[in-house]
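Down below is the structure, laid out as structure tokens.
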Amino acid sequence: MSIIEAVIFGLIQGITEFLPVSSSGHLALFKHILNVDFDKFGMSFDVALHVATLIAVIIVLWKDIWELIKHPFQKLTLYIIIATVPAAIIGVLFNDKVASISENLWLVGVFFLATGVILAVSDAMSRAPGRGKRRSMENMTVKDAVYAGLAQGVGVLPGISRSGSTISGGLIAGLNRDGATRFSFLMSIPIILGSCIFDLKDIITGEAAMESSVLLPTLVGMVVAGISGFLACKFMLDYIRKKGMKIFVYYMLAIGVFSVMWGLFAK
């Protein structure tokens with residue numbers, strides 16, 4: 001693995017983890033375009049990038065996390081648990097099948113298009129008048145958590161944005177933009193952490209050991225993913241609250257069409 005490759009994939013992971021554009025889908029897209037097999041970097045590289053984005057979201061949402069640490073037995077804790085269950089079950093039961101989808105770029109493109117539709121619907125609903133006062137994260141209900149959790153379950157598919165679908169789930173349920181986005185990022189923490197722990201067992205047992213030659217590129221990728229993830233997370237919290245999803249709808253529809261065409265016709 002070269003330093004350049006580590007920087008490229010660190011940027012992809014960091015930026016797309018929190019923007020509503022699907023990190024797994026973009027990794028699959030760039031894997032085909034650049035003809036680079038991300039899997040050759042090893043599980044340790046993947047875990048390192050996820051640890052970096054985990055640290056980034058913890059720093060950005062530290063105030064919310066600290067409140068959860070000080071007062072663990074509160075409704076928000078329960079809501080995060082409820083929202084985590086669907087994705088955890090799907091991830092464990094269908095991990096291999098989900099991973100195989102990324103090999104078919106046209107199918108990833110279809111899921112990109114689906115993300116665009118999801119974002120468009122939720123954005124329209126968040127702007128629609130006469131739907132009552134929208135709830136903040138502090139006033140959310142079990143229904144909000146269930147909607148976001150089901151959306152996160154769907155978001156394990158490459159091309160379906162986890163953050164985009166969970167924010168959309170919150171908006172459709174009745175949360176305001178700030179509440180839906182903050183809750184989406186908070187509920188990403190146990191999922192990212194669980195994924196890291198799930199993969200770490202193979203690293204600890206030696207089944208996916210890191211070679212010394214990739215140590216420096218892995219550290220570089222981790223730093224790049226952490227910094228870009230931090231900036232993307234901060235950007236999203238501010239941008240979605242003020243502007244909504246419209247710009248990402250156009251992007252997902254465009255990249256969806258491109259991916260379908262590339263997957264079907266590129267040699």
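Conditions tested, residue by residue: (1) within 18 Å of the chain's Cα centre (by Cα); (2) surrounded by fewer than 24 Cβ atoms within 10 Å (Cβ to Cβ); (3) over 19 Å from Ile81 (Cβ atoms).
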{"site": "Ala124", "(1), (2), (3)": "no, yes, yes"}
{"site": "Asn139", "(1), (2), (3)": "no, yes, no"}
{"site": "Asn176", "(1), (2), (3)": "no, yes, yes"}
{"site": "Cys196", "(1), (2), (3)": "yes, yes, no"}
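Where the second residue is assigned to a loop (DSSP other than H, G, I, E, B) and the first is charged (D, E, K, R) and lies in region 14-34, which pairs have Cβ atoms under 7 Å and are six or more apart or on separate chains?
As it stands, the answer is Lys31/Asp37, since those pairs meet every condition given.
How many residues does region 59-81 hold that are open to solvent by less than 70 Å² (accessible area, probe 1.4 Å) and under 27 Å from Gly226 (Cα atoms)?
Selection size over region 59-81: 10.
Kindly provide the set of residues from region 14-42 that are within 22 Å of Gly256 (Cβ to Cβ), open to solvent by 50 Å² or more (accessible area, probe 1.4 Å) and modelled with pLDDT under 90, ordered by number.
Those that are within 22 Å of Gly256 (Cβ to Cβ), open to solvent by 50 Å² or more (accessible area, probe 1.4 Å) and modelled with pLDDT under 90: Phe30, His32, Ile33, Leu34, Asn35.
Looking at region 181-197, I want the residues that are within 14 Å of Gly164 (Cβ to Cβ) and have a partner that is not in a helix (DSSP H, G or I) with Cβ atoms under 8 Å, at least 6 apart or on another chain. Which pairs are those?
Here the result reads Phe183/Met140; Phe183/Leu175; Phe185/Leu61, each pair linking region 181-197 to a residue that is not in a helix (DSSP H, G or I).
What residue, of Gln74, Gln13, is closer than 25 Å to Ala173 by Cα and in contact with an Asp or Glu (Cβ under 9 Å, 6 or more places away or on another chain)?
Checking each option against the conditions leaves just Gln74.
Given Leu11, Leu61, which one is among the hydrophobic types (A, V, I, L, M, F, W, C), within 20 Å of Met236 (Cα to Cα), touching a Phe, Trp or Tyr at 6+ places or on another chain (Cβ under 8 Å) and at pLDDT 85 or above?
Leu61
If you take the residues of region 141-156 that are in contact (Cβ under 8 Å) with a residue 60 or more places away in the chain and within 17 Å of Val117 (Cβ to Cβ), which of them is surrounded by the most Cβ atoms within 10 Å (Cβ to Cβ)?
Once the filter is applied, the top-ranked residue is Gly155.
Give the residues of region 136-166 that are farther than 23 Å from Ile192 by Cβ and either at pLDDT below 90 or polar (S, T, N, Q) (or both), sorted by residue number.
Scanning region 136-166 gives Ser136, Asn139, Thr141.
Report, ordered by the first and then the second residue, all pairs with beta carbons closer than 9 Å, sequence separation of six or more or different chains, a first member in region 227-254 that is free of Cβ contacts under 8 Å to residues at least 40 places away in the same chain and of a type outside the set (A, V, I, L, M), and a second member that is in a helix (DSSP H, G or I) and open to solvent by 50 Å² or more (accessible area, probe 1.4 Å).
Close Cβ pairs (under 9 Å, with a partner that is in a helix (DSSP H, G or I) and open to solvent by 50 Å² or more (accessible area, probe 1.4 Å)) amount to Tyr239/Ile247.
May I ask you to verify whether Phe258 is among the aromatic types (Phe, Trp, Tyr), modelled with pLDDT of 90 or more and crowded, with 19+ Cβ neighbours inside 10 Å?
When the stated conditions are applied, Phe258 does not pass them.
The values are calculated or read from the model by the stated rules, or taken from the named source; none is laboratory data. Quick caveat, the model's predicted, so the values are computed rather than measured. Heads up, the Cβs are rebuilt from the backbone with ideal geometry, glycines too, and the neighbour counts pull from every protein chain shown. All accessible areas refer to the heavy atoms of the entire protein, side chains included, with ligands and DNA or RNA removed. Shrake-Rupley method; radii C 1.70, N 1.55, O 1.52, S 1.80 Å.
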